1. Roughly how tilted is helix 141-154, in degrees to the nearest 10 and between 0 and 90, from the longest Cα axis of the chain?
2. For the stretch 158-223, build the charge dipole from Cβ charges (+1 Lys, Arg; -1 Asp, Glu) around the Cα centre, then report which of 223, 186, 159 sits farthest towards its positive end.
3. Quick one: angle between helix 71-82 and the longest Cα principal axis of the chain, in degrees between 0 and 90, rounded to 10, please.
4. Suppose every Lys and Arg Cβ carries +1 and every Asp and Glu Cβ carries -1, with no other charges. What dipole size does the stretch 263-337 come out with about its Cα centre, to the nearest 20 debye?
5. Among 323, 390, 263, whose Cα lies farthest out toward the positive end of the dipole of the chain, if unit charges sit on the beta carbon of Lys, Arg (+1) and Asp, Glu (-1)?
6. Give the whole-number value, in cubic angstrom per residue, of the convex hull volume spanned by the C-alpha atoms of the stretch 88-229.
7. Name the residue farthest towards the positive end of the dipole of the chain from the options 312, 110, 94, assuming +1 on Cβ of Lys and Arg, -1 on Cβ of Asp and Glu, about the Cα centre.
8. I need to check one value: relative contact order of the chain, counting alpha carbon pairs closer than 8 Å and at least 6 residues apart, in percent.
Amino acid sequence: MTAASDVVPGTYDVVDPTSEQVIRAVPMADVEQTDAAVAAAKAAYGPWRAVAPADRGRLLRRFAEQVDTHLEELAQLEVANSGHPIGSARWEAGNVRDVLTYYSAAPERLFGRQIPVAGGLDVTFREPLGVVGLIVPWNFPMPIAGWGFAPALAAGNVVVLKPAELTPLTALRLGELAREAGLPEGVLTVLPGAGPVVGRRFVTHPDVRKVVFTGSTAVGKAVMAGCADQVKRVTLELGGKSANVVFADADLELAASSAPLAVFDNAGQDCCARSRILVQRSVYDRFLELLGPAVAAVRVEDPSLESSQMGPLISARQRDRVAAYVADAPVAFRGAVPDGPGFWYPPTVLLDVDPANPVLTEEVFGPVVVVQAFDDEDDAVRQANEGPYGLSGSIWTRDLGRALRVSRGIEAGNLSVNSHSSVRYSTPFGGFKQSGLGRELGPDALDGFTEVKNVFYATGVS
Ligand code: NAD
């Protein structure tokens, strides 16, 4: 097996998780190079901010068109770098295009308010922040990058983007496409590097005015603590342990057939994964009867195949991490994985887990789901709200009143009723509790990339 390691000093060997082969050695920025990139971004900020709103929108639309033209290339790159099924990777590249298109309308719609006061005119402006440091994880390299840079750029900021060590390839290509689309140099800079080097420098650098971080809750807390020193703005998208709540009156066939991909999509490496299925006790056995074949039907295979629904995990380290969670838990049933190389881990269903087992409360970030029973509505909400996270979740019921009550009762930022959808570019996304801080996407994201300025213009005495 070829390990991802620093064989050439200052470079990182990017590994294809399906073949386990090194596909490219990527230079890693050090602190000096990070400072130089921040300085170049700062120099680009004034001119970028001054670009007329309609022109800024036009440039973002051109960037979106470039992404669209290169959609297949970006998708194939993600299959190689991340092991995402090709169908998912195409969706991810398309999402970057769509998010750019959505926010290309924002420069001309960053409205302030006029507030009635005596003696003059009072108006608010939404000013950009300056240099934004974007720290991206390895699980969705393209969408998570786009959710940060598209609204940030639309609001007049400039962006330095650090991809995850494991998955820099699509981010690097997006940086090139931005330049080809006509975005001036320094407006979007992609800077591969180590988290504790480049990411940390974003936190400590006085000219980086905001950090947008997606990743583990542990590192997110350290980023937030570091930002406090400069009262630096921060958006955090962290872990999740989301519940898929199935009531006895639900369409059980649909709930059971859709449950596997609600957690095993992206091999479970998804902060929105519905990794706890809570089933009303009266239909628990029936639900499990339906779930077994649905899990077995998940197509775990070479991600370059059109039919693939689940690829390998991102790394051997992640596979070990996932396996450690399952070591002491009773496996009820699991799917199959291909033979040969690749960081494969089968879709795995756990039942009757000891209440003290961390697999019930911690984010596994792998294709592992726990099924538990609940008694009534209050019990369902209580169980769904257990633990430190509050990102996502699903509710299955045909009772509209119950759907409303339970969706208001669950402490999570993104819920879906009778479906598993949680991310749309036009609606806000983010977490309650330790799942995060702030909102990405939709109209709300622009609040995170602007400061409100209030100005009073005295009209004088007439
Ligand atoms: P991580 O939090 O270490 O890495 C996320 C990003 O932060 C990467 O770009 C990394 O380089 C950067 N980073 C690391 N240390 C940093 C520091 N000190 N300062 C600034 N930036 C830093 O996550 P990981 O180690 O790649 O994954 C570990 C676990 O985190 C996963 O198993 C999963 O549970 C969780 N995770 C969650 C998400 C999510 O979307 N919520 C994404 C990735 C990982």
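The values are calculated or read from the model by the stated rules, or taken from the named source; none is laboratory data. Quantities reported herein were computed from a predicted structural model and do not represent experimental measurements. All Cβ positions, glycine included, derive from the backbone under ideal geometry; neighbour counts span all protein chains shown. Each accessible area value is taken on the protein alone, full model and side chains, heavy atoms only, with ligands, DNA and RNA left out. Shrake-Rupley method; radii C 1.70, N 1.55, O 1.52, S 1.80 Å.
1. It is inclined by approximately 30 degrees.
2. 223
3. 60 degrees
4. Once rounded to the nearest 20, the dipole reads 280 debye.
5. 390
6. Cα convex hull per residue, to the nearest whole number: 146 Å³.
7. 110
8. Relative contact order comes out at 18 percent.
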